[in-house]
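Novice: Can you keep this structure in mind? I'll have questions shortly.
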Amino acid sequence: MLVAGFPAGPWATNCFVVATAAGAECVVIDPGKDSGAPIDDLVREHRLQPVAVILTHGHIDHMFSVQPVCASHRVPAYIHPADRSRLADPMGFAGRGAADRRDAADAMAAMLGGHHQFVEPDEVRELADGEVLQLAGLQLKVSHAPGHTEGSVVYGTQQAGDVPPLLFSGDVLFEGSIGRTDLPGGDHQAMLASLARVILPLPDQTVVLPGHGATTSIGRERTANPYLQHVAADVPPVRRGL
């Protein structure tokens, strides 16, 4: 398997390009700000053909470049329906009064160095909890894991030969931490429930590729992540492996 990634934009959001091998089709995960050129470089370097952009959630730092990347490669975007509105309205403008919308727009402009028009890609496909995406020769299991946003998901792969299981965890799980729950769409109790239902049952050898920061593993986080330890104390043991 080929997994290439880089931190994109001012928020250092991990963007991943994933394929079965060089010269194959690929998927792009979480194209953040300024990710278009690095994605194109990886595609050329490894002779890849993008077939989809898949998003872990709808926050601006993870989907800033989704529309131009989809348009450039003529591919659909995948997102959970609970976060779909964020594609065109990442700051929640639609639900605010005129003064609040102006303040939010000004805040976004300050962050981005100028105003930016967000629109949905031409083709958007909605994800369902538990479905397995068959894309680019990959099988990516979708697990709905709300808490950071209402529509946060993680994508998992099965072990294949010497390649361990992978988890593209977005902002659900980080090395030593979890995603914030005090941002729009956040819910701390929902996050704890997601950690218990989605994360804790995974095999220790699962390699975690998070939305920010360093790669880790489920085994490492199970023993060192205080949030997982807190949740595990209230969750009965789960048998793993055969």
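Novice: Would the stretch 117-126 turn up any residue that is within 16 Å of the chain's Cα centre (by Cα) and either basic (Lys, Arg) or part of a loop (DSSP other than H, G, I, E, B) (or both)? Break it down into steps so the answer makes sense when it comes.
Specialist: Applying the first criterion (within 16 Å of the chain's Cα centre (by Cα)) to the stretch 117-126 yields 124-126.
Then drop every residue that is not either basic (Lys, Arg) or part of a loop (DSSP other than H, G, I, E, B) (or both), which leaves 125.
Checked the stretch 117-126: at least one residue is within 16 Å of the chain's Cα centre (by Cα) and either basic (Lys, Arg) or part of a loop (DSSP other than H, G, I, E, B) (or both).
Novice: I'm trying to understand the selection: among the residues of the stretch 166-190, which are open to solvent by less than 40 Å² (accessible area, probe 1.4 Å), over 18 Å from Glu221 (Cα atoms) and touching a residue at least 60 places away in the same chain (Cβ under 8 Å)? Show your work before the answer.
Specialist: Applying the first criterion (open to solvent by less than 40 Å² (accessible area, probe 1.4 Å)) to the stretch 166-190 yields 166-174, 176-179, 181, 185-186, 190.
Imposing the further condition that a residue be over 18 Å from Glu221 (Cα atoms) reduces the set to 181, 185-186, 190.
Gly185, the sole residue that qualifies.
Novice: For the stretch 223-241, state whether one or more residues are open to solvent by 70 Å² or more (accessible area, probe 1.4 Å) and hydroxyl-bearing (Ser, Thr, Tyr).
Specialist: Yes.
Novice: From Ala107, Ala98, grab the single residue that is exposed (fewer than 15 other Cβ atoms within 10 Å of the Cβ), more than 16 Å from the chain's Cα centre (by Cα) and modelled with pLDDT of 50 or more.
Specialist: On the way: Ala98 fails: modelled with pLDDT of 50 or more.
Result: Ala107 is the single residue among Ala107, Ala98 that is exposed (fewer than 15 other Cβ atoms within 10 Å of the Cβ), more than 16 Å from the chain's Cα centre (by Cα) and modelled with pLDDT of 50 or more.
Novice: In the stretch 182-219, which residues are among the acidic types (Asp, Glu) and at pLDDT 95 or above? Before you say what the answer is, go through the steps one by one.
Specialist: Looking only at the stretch 182-219, we keep the residues that are among the acidic types (Asp, Glu), and these are 182, 187, 204.
Residues satisfying the conditions are Asp187, Asp204.
Novice: Looking at the structure I just gave you, is Asp40 acidic (Asp, Glu) and either farther than 20 Å from Leu209 by Cα or open to solvent by 20 Å² or more (accessible area, probe 1.4 Å) (or both)? If you could, list the steps in order and put the result at the bottom.
Specialist: Details: acidic (Asp, Glu): yes; either farther than 20 Å from Leu209 by Cα or open to solvent by 20 Å² or more (accessible area, probe 1.4 Å) (or both): yes.
Considered against the rule, which asks whether it is acidic (Asp, Glu) and either farther than 20 Å from Leu209 by Cα or open to solvent by 20 Å² or more (accessible area, probe 1.4 Å) (or both), Asp40 comes out as yes.
Novice: So in the stretch 68-95, with the set limited to residues that are out of contact with any helix residue (DSSP H, G or I) (no Cβ under 8 Å at 6 or more places or on another chain) and modelled with pLDDT under 95, which one is most open to solvent (accessible area, probe 1.4 Å)?
Specialist: Gly95
Novice: Being among the acidic types (Asp, Glu) and more than 16 Å from the chain's Cα centre (by Cα) is the filter here; which residues of the stretch 132-166 pass it? Talk me through it step by step, then tell me what you get.
Specialist: Residues of the stretch 132-166 that are among the acidic types (Asp, Glu), as a first pass: 150, 162.
Selection gives Asp162 alone.
Novice: Here is a follow-up. Out of Val142, Val163, report the one residue that is open to solvent by less than 40 Å² (accessible area, probe 1.4 Å), closer than 18 Å to Leu209 by Cβ and not hydroxyl-bearing (Ser, Thr, Tyr).
Specialist: Values: Val163 fails: open to solvent by less than 40 Å² (accessible area, probe 1.4 Å).
Within the list Val142, Val163, the selection yields Val142.
Novice: For the stretch 186-210, give me each residue that is out of contact with any helix residue (DSSP H, G or I) (no Cβ under 7 Å at 6 or more places or on another chain), part of a loop (DSSP other than H, G, I, E, B) and charged (D, E, K, R).
Specialist: Passing the criteria: only Asp187.
Novice: Now for a different question. Pick from Arg222, Arg180: which is in a loop (DSSP other than H, G, I, E, B) and among the basic types (Lys, Arg)? Spell out the reasoning first.
Specialist: Details: Arg222 fails: in a loop (DSSP other than H, G, I, E, B).
Unique residue meeting the criteria: Arg180.
The values are calculated or read from the model by the stated rules, or taken from the named source; none is laboratory data. Keep in mind it's a predicted model, so treat the numbers as computed, not measured. Positions of Cβ are backbone-derived with ideal geometry, glycine not excepted, and every protein chain shown enters the neighbour counts. These area figures cover heavy atoms from the full protein model, side chains too; ligands, DNA and RNA do not enter into them. Shrake-Rupley method; radii C 1.70, N 1.55, O 1.52, S 1.80 Å.
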